[in-house]
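Here the structure comes first, spelled out in structure tokens, and everything after it is commentary.
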Amino acid sequence: MGAHVSRADFEWSTSDEPHASRRKEILEKYPQIKKLFGSDPNFKWIVSLMITLQIAMIFVVPRLPWPLVIGLAYCFGGVINHSLMLAIHEISHNLAFGHARPMANRVLGMIANLPIGIPFSVSFKKYHLEHHRYQGDEILDTDIPTTLEAKLFCTTVGKVVWMFLQPLFYALRPLFVRPLPPSMTEIINVVIQLSFDFAVYYFLGAKALVYLLAGSLLAMGIHPVAGHFISEHYMFAKGFETYSYYGPLNWITFNVGYHNEHHDFPAVPGSRLPQVKAIAPEYYENLPHHNSWVKVLYDFIMDPAIGPYARVKRRNQSKVLKEE
């Protein structure tokens with residue numbers, strides 16, 4: 001089964017998450033960063049182009065042999081779908097049309113969701129914003145693996161299996177850790193998505209639907225673009241809980257690699273995050289960061305010091321007050 005991970009628990013912290021205080025300090029020194037806040041006018045057109053590419057592909061793949069369909073799903077469709085997932089991440093911060101037009105953001109999110117095949121656009125927003133607000137909270141931050149995950153997948157082989165199953169954990173973990181009642185918009189998201197999936201299957205056949213779904217699932221597992229799941233918050237250097245990535249894959253992932261910058265300034269769209277680093281370089285250049293998501297995946301699997309336990313965690317304050 002390979003080497004056993006050396007950690008037997010999460011890294012528990014009694015300090016506040018670092019981004020709010022750093023944001024305040026940077027803005028006091030560089031108030032011009034506020035000019036970067038707001039929506040990106042080009043964003044909706046980029047998203048529309050990606051959706052159009054995927055719609056075009058589902059008319060092509062029914063004529064192809066199954067091995068080529070799966071290969072295209074991994075190498076091309078999965079990359080586009082993963083990029084659309086990160087577009088939905090941008091949309092969750094209202095960076096498509098701005099905070100004044102929340103419904104326009106929601107609608108674009110549901111449209112961007114269509115090629116992905118799995119309804120998650122609306123649900124993602126409510127859990128992701130809590131991840132920002134309560135980073136590391138043992139209850140409220142559902143981005144952190146559960147103790148059961150950490151105990152079950154604690155060897156080299158186990159970590160490989162966990163990464164293949166990551167789409168499943170990413171989707172289901174919030175429902176077990178912090179179940180929230182579905183909103184009407186979430187139900188609409190599900191109905192629209194399932195109707196689209198049925199239409200693809202009915203009119204274009206199984207290959208078209210498998211191309212979309214397989215691409216989404218494969219690109220969330222052991223895939224270069226999926227390296228951001230691990231690189232963002234897994235503790236590669238003791239005490240540091242957020243890491244940026246400054247490699248070329250930022251070009252197709254809306255600069256999600258600029259993750260310290262994003263958590264410091266979630267109101268800045270991905271296209272402008274490099275400007276944050278350029279304005280305040282002394283706050284980011286000395287932080288540990290990554291230059292390769294492929295290396296991140298390799299190190300996560302092979303290094304016994306890194307695994308699902310390698311996350312900074314904090315006691316939930318409401319739980320602490322009840323215990324006191």
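Just to verify a result, which residue in the range 95-107, among those that are under 18 Å from the mean Cα position of the chain (by Cα) and open to solvent by less than 20 Å² (accessible area, probe 1.4 Å), is nearest to LEU273 (Cα to Cα)?
Taking the range 95-107 first, the residues under 18 Å from the mean Cα position of the chain (by Cα) are 95-96, 105-106.
Now restrict to residues that are open to solvent by less than 20 Å² (accessible area, probe 1.4 Å): 95-96, 105.
Numbers: LEU95: 12, ALA96: 15, ASN105: 20 Å.
Per the criteria, the residue is LEU95.
With a requirement of 2 or more residues that are small (Gly, Ala, Ser), the helices (runs of 4 or more DSSP H) lying completely within the range 142-247 that satisfy it span 184-204, 206-218, 227-231.
In this structure, TRP45 qualifies as open to solvent by 80 Å² or more (accessible area, probe 1.4 Å), of a type outside the set (Lys, Arg) and without any contact (Cβ under 8 Å) to a residue 40 or more places away in the chain.
Quick check, is SER21 touching a residue at least 24 places away in the same chain (Cβ under 8 Å), among the hydroxyl-bearing types (Ser, Thr, Tyr) and open to solvent by less than 90 Å² (accessible area, probe 1.4 Å)? Give the derivation first.
Numbers: touching a residue at least 24 places away in the same chain (Cβ under 8 Å): no; among the hydroxyl-bearing types (Ser, Thr, Tyr): yes; open to solvent by less than 90 Å² (accessible area, probe 1.4 Å): yes.
Answer is no for this residue.
Only one residue in GLY78, GLY71 is more than 19 Å from SER271 (Cβ to Cβ), modelled with pLDDT of 95 or more and either under 19 Å from the mean Cα position of the chain (by Cα) or open to solvent by less than 20 Å² (accessible area, probe 1.4 Å) (or both), so which one is that? One residue alone meets the criteria, GLY78. All but one of (1) touching a helix residue (DSSP H, G or I) at 6+ places or on another chain (Cβ under 9 Å); (2) among the hydroxyl-bearing types (Ser, Thr, Tyr); (3) surrounded by 15 or more Cβ atoms within 10 Å (Cβ to Cβ) hold for SER13; which doesn't? Only one criterion in (1) touching a helix residue (DSSP H, G or I) at 6+ places or on another chain (Cβ under 9 Å); (2) among the hydroxyl-bearing types (Ser, Thr, Tyr); (3) surrounded by 15 or more Cβ atoms within 10 Å (Cβ to Cβ) is unmet by SER13, namely (1). When the range 269-290 is filtered for residues that are open to solvent by 40 Å² or more (accessible area, probe 1.4 Å) and touching a strand residue (DSSP E or B) at 6+ places or on another chain (Cβ under 7 Å), only HIS289 remains. Selection within the range 232-265: residues that are in contact (Cβ under 8 Å) with a residue 60 or more places away in the chain, touching a helix residue (DSSP H, G or I) at 6+ places or on another chain (Cβ under 6 Å) and open to solvent by 30 Å² or more (accessible area, probe 1.4 Å). The member of this set that is nearest to PRO18 (Cα to Cα) is PHE254.
The values are calculated or read from the model by the stated rules, or taken from the named source; none is laboratory data. Just so you know, these numbers come straight off a predicted model, no measurement behind them. FYI the Cβ positions are ideal-geometry reconstructions off the backbone, even for glycines, and counts take in every protein chain you see. Only protein heavy atoms, including side chains, enter the accessible area calculation; ligands, DNA and RNA are left aside. Shrake-Rupley method; radii C 1.70, N 1.55, O 1.52, S 1.80 Å.
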